[in-house]
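Novice: Shown below is the structure under consideration.
The values are calculated or read from the model by the stated rules, or taken from the named source; none is laboratory data. Everything numeric in this text was worked out from a predicted model, so none of it was measured. Glycine also receives a Cβ, built like all others from the backbone with ideal geometry; neighbour counts cover every protein chain displayed. To get the accessible areas, we keep the full protein, side chains included, count just its heavy atoms, and leave off ligands, DNA and RNA. Shrake-Rupley method; radii C 1.70, N 1.55, O 1.52, S 1.80 Å.
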Amino acid sequence: MPRSWTGQEVAEVVAAHPEWLGAPLSAGEPHRVGRGESYEAWLPAPAGPLVRFARRPIGELPADPAEEVAGMRLAPQGVGPRPIGADVLWVDDEQYPVVAQEFVPGRVLAPIEWTGALRRVLAAQLRTLHTVTYPRPGSVRGVSQALDPEPGRLDFAAEVDGIIDHWARRLPGAPGEAWAALCGPMQRYAAEVAPEIAALQEFSLIHGDPVLTNIVVDGNRPVLIDWEWTQIGDPARDLGFIGGAVHAGDWYAALTDEEITDLLRAYVSAGGRGEVVALRRRRDAWLAAEGLAVLAYLWWVDADPAQAITPANRSAAADLQRTVAAYLAAW
């Protein structure tokens, strides 16, 4: 079961790292500002920094926290927070990563609050993130490990197979049967789209998971937070997770064809690489695959009473089951 941290524990860790604050810790208990599946976010002082405590030990985290720090460090100024420091805590013979980063003011908007104008600003932010290109996808830390790496390719069909192999063994009973009914159509769809993604010859630093709950907006300025899934990859993935025909709860907005086209035109007009039709096909594919994976995860959590799925997440699972199935049927 994911761990919860106390204000006292947070204060003790931050007190051991005065370099994170640049000043002694003031009186008062730290304030928790967010809790996700893998991390809790705390403000030890009103002006920051933000300190993220892993809720699961390193061996159970879905992504390497060192990649997250490397991605934030590599990202252009203003697109996301800057990393400040990191540590690993030993608790009951398990290692829990802690990451201190710049505090980004703003708030997470509900899908209905995202106007076309704001999505266009986000498109420009993503274009800035994607400016630098790399010859192969993969690890963010790996970009500095070779001066002239061999070109690489993305295998979308293999990514979908990996999702299915991982979750098929973990979903029991009726949820497993319902999920399995989506897997065959998803694999056939992936086989059709895979050649377009495999043809990519340039890759970018991507956030990897820019769902709406991972974007804070201050005035008219969206900033990407929670860089857990950052990587060198297909920029269309970042353009997909905003939402579309596949949508769910507060994570993925229900965007119309016209709204998606407007987003992609804004991205291309800002200097983003690619053309609208090709970007649309790839971004829709990444979103559909993500929807399948997240649906499996939510059903897995729901099958375990110890994990106590929230009503909002159960509702999101119903949204994903319905919209992923409808998307694949329409394809």
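Novice: Determine the calculated [θ] at 222 nm for the chain from helices alone, applying -39500 (n - 2.57) to every DSSP H run no shorter than 4 residues and normalising by the residue count; nearest 500 deg cm²/dmol.
Specialist: The helix contribution divided over the chain gives -14000 deg cm²/dmol.
Novice: For region 1-67, what ratio Rg/Rh do Cα atoms give with a Kirkwood hydrodynamic radius? Could you put the intermediate results ahead of the total?
Specialist: On the way: Rg = 12.3 Å, Rh = 12.6 Å.
Looking at region 1-67, the ratio lands at 0.98.
Novice: Skip the ligands, DNA and RNA, and give the accessible area per residue of region 291-331 with a 1.4 Å probe, whole Å². Mind dumping the intermediate values first?
Specialist: Working: 1870 Å² over 41 residues.
I get 46 Å² per residue for this part.
Novice: Sorted by average packing, counted as other Cβ atoms within 10 angstrom per residue and highest first, what order do 296-303, 82-89 take?
Specialist: On the way: 296-303: 20.2, 82-89: 16.1.
Packing proxy ranking, top to bottom: 296-303, 82-89.
Novice: Output the Kirkwood hydrodynamic radius of region 69-200, Cα pairs only, in Å rounded to one decimal.
Specialist: Numbers: mean 1/r = 0.0518 Å⁻¹.
It is 19.3 Å.
Novice: Dipole of the chain, Cα-centred, from +1 at each Lys and Arg C-beta and -1 at each Asp and Glu C-beta, to the nearest 20 debye? List each step's numbers first, then the result.
Specialist: Working: 28 positive and 43 negative charges, 149 e Å.
For the chain, the charge dipole is close to 720 debye.
Novice: If you don't mind, there's one more thing I want to ask. Output ³J(HN,Hα) for region 213-223: one whole-Hz value per residue in order, computed from phi by the Karplus curve 6.51 cos²θ - 1.76 cosθ + 1.60 with θ = phi - 60°, and x for Gly and Pro.
Specialist: Calculated HN-Hα couplings, in order: 6, 9, 10, 10, 10, 10, x, 10, 10, x, 10 Hz.
Novice: Region 249-328 to region 50-75: how many Å between their Cα centroids?
Specialist: So the separation of the two Cα centres works out to 23 Å.
Novice: How many angstrom lie between the C-alpha centres of region 120-189 and region 194-241?
Specialist: A separation of 11 Å, based on Cα centres.
Novice: With a cut-off of 8 Å between alpha carbons and a minimum separation of six or more residues, what is the relative contact order of the chain in percent? Kindly include the intermediate steps, with their values, before the conclusion.
Specialist: Numbers: 561 pairs, mean separation 56.1, N = 331.
Value for the chain: 17 percent.
Novice: Hey, can you grab everything whose amide H is under 5 Å from the amide H of GLN231? Only 5+ residues off in sequence or another chain; H modelled, so Pro and N-termini drop out.
Specialist: HN-HN under 5 Å from GLN231: ILE206.
Novice: On to the next question. Roll a 1.4 angstrom probe over the protein heavy atoms and tell me the percent of accessible area of region 242-306 that is carbon or sulfur. Don't jump to the answer; show the numbers that get you there.
Specialist: Working: 1300 of 2440 Å².
Using a 1.4 Å probe with all protein chains present, region 242-306 comes out at 53 percent carbon and sulfur.
Novice: Is the shape of region 268-314 best called rounded, prolate or oblate, per the rule: a/c under 1.5 gives rounded, else a/b larger than b/c gives prolate, else oblate, with a ≥ b ≥ c the square roots of the Cα gyration tensor eigenvalues? Display every interim value, and only then the final one.
Specialist: On the way: a/c = 5.36, a/b = 3.32, b/c = 1.61.
Judged from the Cα gyration tensor, region 268-314 comes out prolate (a/c at least 1.5, a/b above b/c).
Novice: For region 72-217, what does the accessible surface come to per residue with a 1.4 Å probe? Please give it in Å².
Specialist: Details: 7170 Å² over 146 residues.
I get 49 Å² per residue for this part.
Novice: Sticking with this structure for a sec: Using only Cα atoms, figure out Rg for the chain and give it as a multiple of 2.2 N^0.38 Å. Write out the running numbers ahead of the final one.
Specialist: On the way: Rg = 19.8 Å, N = 331, 2.2 N^0.38 = 20.0 Å.
My calculation over the Cα atoms of the chain gives 0.99.
Novice: Can you list residues from other chains, or at least 5 along the same chain, whose modelled amide H is less than 5 Å from the amide H of GLY243?
Specialist: ALA253
Novice: With viscosity set to 1.002 mPa s at 20 °C, what whole-number translational diffusion coefficient in µm²/s follows for region 161-268 from Stokes-Einstein and a Kirkwood radius over Cα pairs? Walk me through the numbers before you get to the answer.
Specialist: Working: Rh = 16.2 Å.
After rounding, the answer is 133 µm²/s.
Novice: Beta carbons within 10 angstrom, averaged per residue: use that to sort the peptides 6-18, 63-75, 227-239, highest first. Spell out each step's value before the answer.
Specialist: On the way: 6-18: 14.9, 63-75: 19.8, 227-239: 25.6.
Most protected by this proxy first, the peptides run 227-239, 63-75, 6-18.
Novice: Could you tell me what percent of the accessible area of region 51-100 is made up of carbon and sulfur, with a 1.4 Å probe and every protein chain present?
Specialist: Numbers: 980 of 2110 Å².
Carbon plus sulfur share of accessible area: 46 percent.
Novice: Another question about this same structure. With the convex hull built on the Cα atoms of region 225-318, state its orientation-averaged projected area in nm². Don't skip to the answer; put the middle values down first.
Specialist: Numbers: hull surface 27.3 nm².
With the hull built on Cα positions only, its mean projection is 6.8 nm².
Novice: Related question: Amide H of ARG35: which non-local residues (sequence gap of 5 or more, or other chain) have their own amide H closer than 5 Å, using H built in the peptide plane?
Specialist: Long-range HN contacts for ARG35: ALA41.
Novice: Hey, can you find the accessible area per residue of region 248-290 for me, probe 1.4 Å, expressed in square angstrom? Present the calculation step by step, with values, prior to reporting the outcome.
Specialist: On the way: 1780 Å² over 43 residues.
Per-residue accessible area for region 248-290 comes out at 41 Å².
Novice: Go through region 260-267 residue by residue and turn each phi into a ³J(HN,Hα) via Karplus (6.51, -1.76, 1.60, θ = phi - 60°); whole Hz please, and just put x for glycine and proline.
Specialist: 5, 4, 4, 4, 5, 5, 5, 5
Novice: I've got another one for you. Show me, for region 298-305, the HN-Hα J-couplings you get by feeding each phi into the Karplus relation (A = 6.51, B = -1.76, C = 1.60, θ = phi - 60°), rounded to Hz, glycine and proline as x.
Specialist: 5, 5, 5, 4, 5, 7, 10, x
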